[in-house]
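First up is the structure itself, then whatever we jot down about it.
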Amino acid sequence: MSAAPPDPHADLDRFADGELPPEEAERFRAHLAGCARCQAALPGRVQLAGLSQDTLAGEETSGAGADLDPRRPEQDAPAAAQPPGAVADLASRRPEGAPAAAPSPGATVLRPARWRARAAAAVGVALAAGLAVVIAGRIGGEPDPSLWLADRPARAVEARLGTPAADLHRPYEVARGAEAAPAPPLPELAKLDSKERWVAIADAYLARGAPETARPYLDRAGGAPDALASRAAMDLMLGQPVEALHHANQALAKKPDLRPATWNLALALRALGLSLAAAQQLDKVAAAGEPGWSAEAKALAEQLRADVQRRKDHWIEVVDACLRAASGEAPFPADLKGVPLPVWRLCFDDALARAGTAEELKRLLPAAEALDKRSGGDGARRAVQRALAQPLQEREAVAREYTSVMTSQRGPGQESLLALADRAKQARQRDIELQALLLAPAKRIPPERLQALATATADPWYLSLAENQAAQALMAAGDRGSAQALIAARVKVCEGIDRPELDCPAAARILLTLYELPRQRAEALATGARAMEQARREGDVDAQLRLFSVMANVTRESDPDLSAAYFSEHTRWTTITP
Amino acid sequence: MFASTAALWYARPVPLDGGARSIFEDFARRERAVLLGIARKLCLGGSFDPEDLVQESLERAFRQRARLEGQPDSARRAFTRTAMTNYFLDLCRKRQTERAAADPGPAVEAVPAPDRAEPELWAAVSDEQFLAAVKKLKPEKLQEAYRLHARGMRYREIARQLGAPEGTVGAWLTGARDQLRQLLSEAPS
């Protein structure tokens with residue numbers, strides 16, 4: 001297999017089928033880069049492979065060996081076969097370990113190493129770092145590295161700067177890096193000024209943690225890639241990650257391998273809560289092999305991925321326990337620490353509606369007390385008491401119907417929920433009627449019916465759920481103005497102090513979908529950022545996932561880059577890499 | 001129990017913007033598995049990251065979502081797959097250029113992208129049309145080989161199963177693709 005075949009074009013099929021040995025595949029890729037004929041043929045080849053996978057991959061295999069191919073295309077269950085919803089996505093994929101965005105084993109470097117990386121390999125990392133300064137100094141007549149504090153053992157700013165001489169790696173340590181940094185020496189600045197090296201001047205200020213002083217210089221520097229990279233650093237220091245994302249992206253559009261821009265893009269993504277997208281950018285920096293930066297990027301990416309994995313694992317545990325409790329398989333835990341409260345309340349409500357007898361209802365009292373203790377109210381306990389005070393003769397049948405509607409394979413149908421609500425009303429089981437109406441599509445419910453039921457409970461939780469439904473009904477009827485007024489007031493309450501007794505995550509999402517006009521971009525970003533922060537704090541992975549998705553949609557018109565980043569984060573969290 | 005999960009959470013009072021967003025997400029989730037299978041083969045033994053390839057192509061499709069909305073699924077997937085191929089070819093060319101710059105010598109020179117031919121053909125091929133075309137593949141062994149390959153079998157396994165040399169299997173598969181292309185371009189859309 002070592003001799004190259006006479007007709008290199010003939011290898012296209014075997015290459016695309018993954019049948020060439022690694023070194024031949026690599027050779028074919030090099031051939032492909034220069035062969036117009038093969039390039040023209042590949043798209044059709046890929047389309048055929050895709051169609052085959054779409055239509056034939058599921059056919060029964062009579063042969064024995066088919067499952068043994070380690071390189072076989074992924075056989076993910078089709079989406080339709082999985083329970084819908086983000087929680088189900090995560091829950092059903094539980095222990096498969098690997099972080100969603102981790103590159104597959106064997107995949108290492110995306111871009112070839114630069115000369116500096118090669119030098120690093122040849123003469124050793126430390127020497128190469130010094131070499132870079134010497135060369136830079138000799139060629140460019142660079143000022144002393146101390147102008148950018150590059151001579152210090154640590155750096156005070158996490159972001160990277162566009163000026164190469166300012167971009168020497170030192171560990172990031174806020175305290176040590178900025179310690180008594182003297183102002184940039186004026187003669188050096190004057191020299192740079194005379195050469196109109198605005199970015200270098202701006203970087204001297206950025207390195208000292210003074211973004212506002214740097215700004216006028218960056219304004220003059222225009223749109224060169226290094227200027228944009230430094231501008232992204234400035235944005236990050238000013239707490240403006242969206243701007244940082246744009247500037248870093250603009251820099252990369254002009255110069256794709258500008259590492260400081262990639263680095264700053266990663267930091268911007270991280271600040272936006274897009275951990276896995278950030279980790280992917282850091283992978284690129286890590287792969288470039290720059291002394292110091294590479295290792296820091298690698299460590300940071302690992303940390304981000306581990307954090308996501310930890311959150312997912314915790315979430316799966318929570319949801320699992322919650323659902324087991326709801327279905328009566330296990331008791332509700334007495335300690336709800338570290339568990340998002342709305343999640344537990346939903347499970348509790350589910351359990352309440354499933355409870356068909358006085359006995360079963362009473363068994364929920366300890367859980368109700370645990371919930372109330374966490375939320376600081378008495379809503380859950382009163383919900384049990386209200387249910388117990390109802391005539392219970394017909395409850396068992398209604399509760400059974402509720403369970404059957406909710407456990408239907410395809411999720412509860414609209415019609416069955418509405419029928420269930422009517423049936424519960426007849427049997428005077430108002431809690432089940434309320435629960436069914438809260439789950440039914442908003443536009444199908446007379447608002448006054450839901451409102452009356454929620455008001456009768458005098459429980460802020462049910463009132464907030466009913467309000468969310470009302471806002472959605474208004475939206476569905478085309479009255480977005482009223483919907484926005486209603487829900488914005490609620491979100492304001494939620495953002496003020498912690499209100500664990502309300503379904504705040506859902507309210508924030510509804511408000512966000514109302515901010516779809518480009519002129520509402522600022523409000524959308526602010527609301528989204530606060531909701532994201534809250535979801536992270538609460539450990540509510542479901543809320544986080546839904547926010548990624550809602551934000552992708554809301555910013556689609558006003559900010560395609562940001563929209564794509566949110567979308568990409570969503571797919572990374574919800575798809576699994578075997 | 002997870003049916004109940006689904007029910008409980010899916011029905012949670014959450015706005016779903018008429019389903020447009022979730023349609024794309026469903027598509028992306030389904031498509032990702034197919035793309036990753038192809039990308040792994042394209043990247044095999046090299047330094048490109050198949051995940052990166054897949055992610056980039058889905059993002060490209062996402063950016064074009066407005067344009068793809070309302071079009072049949074076949075158009076959307078054809079677009080995404082073309083996007084992935086183009087991105088892959090860009091990477092190959094870019095790396096070749098970098099290699100040539102680093103090591104001037106008899107390296108292959110990267111050529112610019114050719115005109116992208118026949119995108120409409122693929123956008124219009126439905127599952128049914130494709131399956132009908134596969135049924136017409138002749139001779140029978142060739143069709144059999146194609147089906148086995150589509151199920152993920154390697155050449156070696158197909159050869160063993162059909163009692164033919166590996167080289168013949170490769171020739172069958174190439175022949176099958178030529179026939180399919182011909183059949184699909186003749187099929188009424």
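Please treat every number below as a calculation from the coordinates, not as lab data. This one's a predicted model, so the numbers in the text were calculated from it and none came from an experiment. When we count neighbours, we look across all protein chains shown, and the Cβ atoms used for this are built from the backbone with ideal geometry, even at glycine.
Put simply, when A:555-561, A:200-206 are sorted by average Cβ atoms within 10 angstrom per residue, most first, you get A:200-206, A:555-561. Counts of other chain beta carbons within 10 angstrom of each beta carbon in peptide A:503-510 average 2. Checked against a 27 Å cut-off, the cross-linked pairs A:Lys362/A:Lys425; B:Lys41/B:Lys141; A:Lys195/A:Lys298; A:Lys191/A:Lys284 give Cα-Cα distances beyond that limit for A:Lys195/A:Lys298; A:Lys191/A:Lys284. Positive-end ranking of A:Val199, A:Pro185, A:Gln250 along the dipole of the stretch A:155-313, with charges on Cβ about the Cα centre, is headed by A:Gln250.
Within 10 Å of the Cβ of each residue in A:316-323, the mean number of Cβ atoms contributed by other protein chains is 2.
Averaging the sequence gap over all C-alpha pairs within less than 8 Å and six or more residues apart, then dividing by the number of residues, gives the stretch A:505-578 a relative contact order of 31 percent. Shielding by partners for peptide A:406-412, expressed as the average number of C-beta atoms from other protein chains within 10 Å of each residue's C-beta, is 6.
Each 10 Å bin from zero up to the one holding the largest Cα-Cα distance in the stretch A:511-578 carries the following percent of pairs: 23, 53, 21, 3, 0. Normalised radius of gyration (Cα atoms, divided by 2.2 N^0.38 Å) for the stretch A:280-365: 1.77. Between A:Tyr172 and A:Glu23, the FRET efficiency estimated from the beta carbon spacing at R0 = 41 angstrom works out to 0.55. The mean sequence separation of alpha-carbon pairs under 8 Å and at least six residues apart, normalised by the residue count of the stretch A:415-503, gives a relative contact order of 22 percent. Using only the C-alpha atoms, the convex hull of the stretch A:188-247 corresponds to 65 Å³ per residue. Set the Förster distance to 25 Å, then compute FRET efficiency between A:Val493 and A:Gln414 from the Cβ-Cβ distance, nearest 0.05. For A:Val493 and A:Gln414, the calculated efficiency is 0.25.
Rg of the Cα atoms in the stretch A:347-456, relative to 2.2 N^0.38 Å, amounts to 1.03.
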